[in-house]
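Report on the structure given below.
The values are calculated or read from the model by the stated rules, or taken from the named source; none is laboratory data. Keep in mind the model is a prediction, meaning the values are calculated, not measured. For neighbour counting, all protein chains shown are included, and Cβ atoms are generated from backbone atoms with ideal geometry for every residue, glycine included.
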Amino acid sequence: MNIDILRIIALLDIILIHTLKSQNNFDILNFMFTFVSIGINLFIMISGYLLLDKEENPLIFYKKRFFSIIPLYIIWSIVYIIYYKENPLYIISGYRYAAGHLWYIPMITGLYIITPWLRKVLKYCGKETGIVVLMWFIVNILNPALIFFKLPFLNLSAFPITGFLGYYILGYYIKKYKDKIHINYYRIIYILGFIFTFAISWYFMKIVGKKNVFFYDKNSISVFFMSIGFFIIMIKADLGYIKGKAAAAVKFLSVHSYFVYLAHLLFYEIGMYITKNFYMVTLFCISASYFTAYIYSKAEKILKKILWQQKD
């Protein structure tokens, strides 16, 4: 249940990142953008949390992962190619994505490709890998902040552990040490990260007079601490009171999160033709995406049933 709710929150964060483009009030935008900036990081940590401690035949793992993500990715790439009137050759040759948010799928696919190897590494070299994650933090999270404030930094730019790998492994470590984690520390970490991100972004806009999105970035130091803090808060939360229809609703929203992630940008674009109101666009984007996911799931079940009957 905790992971399902985390997945839903991460999805809503990402949807809001896009729909907030229609929000003209900077104070509201800054507050909400500070909150939703952790969405992608949450998704990656969820994957690490669920996958990296398992023992599984690599071929079975690849079959399950790739068949669950690649077909829908191709379908929605075609939809966006048609909608944006893109040249499919640019998409096929890898020079661009059919839509901006689709970058996530090749990225997470790359993490899935190295997962069987990474499982072995974590099983036999867990402590040593912790040092690698520390180095990832220095290179990808700490150094950019030090450079931004013109402070001395460790010039380790050639270090090979880059990108989102650190968040992926951190998901594993959070699961491994979950019972030893004291949640109150991470509540403080989250709150401080939130205040810092909000305050410094407000400062640049209101005092300097120039919008600065550096501290909204997925790898900014404050968003890093917000991501870790929020993830642990939700993982440790007691959600046993969510039962019955409420639990079923949570499961439905979680199960269809991947489809909605792929679909939401289309419905955001359509919503912007209907109204420029941020709240109405967001409501339309979410509801239309989930309604389409529901229709797709029903159609998929009917098609599978027909195919099984034909085999029999």
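In this structure, is K243 closer than 30 Å to M107 by Cα and either over 21 Å from the mean Cα position of the chain (by Cα) or touching a residue at least 40 places away in the same chain (Cβ under 8 Å) (or both)? Step through it out loud before you land on a result.
Details: closer than 30 Å to M107 by Cα: no; either over 21 Å from the mean Cα position of the chain (by Cα) or touching a residue at least 40 places away in the same chain (Cβ under 8 Å) (or both): yes.
So K243 fails the test.
If you take the residues of the range 85-125 that are of a type in the set (S, T, Y) and surrounded by 14 or more Cβ atoms within 10 Å (Cβ to Cβ), which of them is farthest from G166 (Cα to Cα)? It comes out as Y97. Checked against the criterion of being of a type in the set (A, V, I, L, M, F, W, C), in a loop (DSSP other than H, G, I, E, B) and within 19 Å of I8 (Cα to Cα), the range 230-239 contains one or more residues that satisfy it.
With a requirement of 2 or more residues that are of a type in the set (D, E, K, R), the helices (runs of 4 or more DSSP H) lying completely within the range 52-146 that satisfy it span 58-84, 115-124, 126-136.
Checked against (1) within 28 Å of F224 (Cβ to Cβ); (2) out of contact with any Pro (no Cβ under 6 Å at 6 or more places or on another chain); (3) modelled with pLDDT of 90 or more, P71 passes all but a single condition, namely (1). Going by the structure shown, is K304 outside any helix (DSSP H, G or I) and more than 25 Å from R7 (Cα to Cα)? For K304, the condition - outside any helix (DSSP H, G or I) and more than 25 Å from R7 (Cα to Cα) - is not met.
The rows are residues; the columns are (1) crowded, with 20+ Cβ neighbours inside 10 Å; (2) in contact with a His (Cβ under 8 Å, 6 or more places away or on another chain); (3) of a type in the set (A, V, I, L, M); (4) more than 22 Å from V121 (Cα to Cα).
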{"site": "I3", "(1), (2), (3), (4)": "no, no, yes, yes"}
{"site": "A10", "(1), (2), (3), (4)": "yes, no, yes, yes"}
{"site": "I14", "(1), (2), (3), (4)": "yes, yes, yes, yes"}
{"site": "K21", "(1), (2), (3), (4)": "no, no, no, yes"}
{"site": "F26", "(1), (2), (3), (4)": "no, no, no, yes"}
{"site": "F31", "(1), (2), (3), (4)": "no, no, no, yes"}
{"site": "G39", "(1), (2), (3), (4)": "yes, no, no, yes"}
{"site": "L50", "(1), (2), (3), (4)": "no, no, yes, no"}
{"site": "F61", "(1), (2), (3), (4)": "no, no, no, no"}
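So which residues in the range 174-207 are surrounded by fewer than 13 Cβ atoms within 10 Å (Cβ to Cβ), assigned to a helix (DSSP H, G or I) and aromatic (F, W, Y)? Y185, Y203, listed by residue number.
Would you be able to tell me the number of residues in the range 208-229 that are among the β-branched types (V, I, T) and outside any helix (DSSP H, G or I)? Lay out the reasoning, then the answer.
Initially, the range 208-229 is screened for residues among the β-branched types (V, I, T), giving 208, 213, 221, 223, 228.
If we keep only those that are outside any helix (DSSP H, G or I) as well, we get 213.
The total comes to 1.
Tell me the residue from G126, G209 that is within 18 Å of Y49 (Cα to Cα), at pLDDT below 90 and out of contact with any strand residue (DSSP E or B) (no Cβ under 8 Å at 6 or more places or on another chain), please. Residue meeting the stated conditions: G126.
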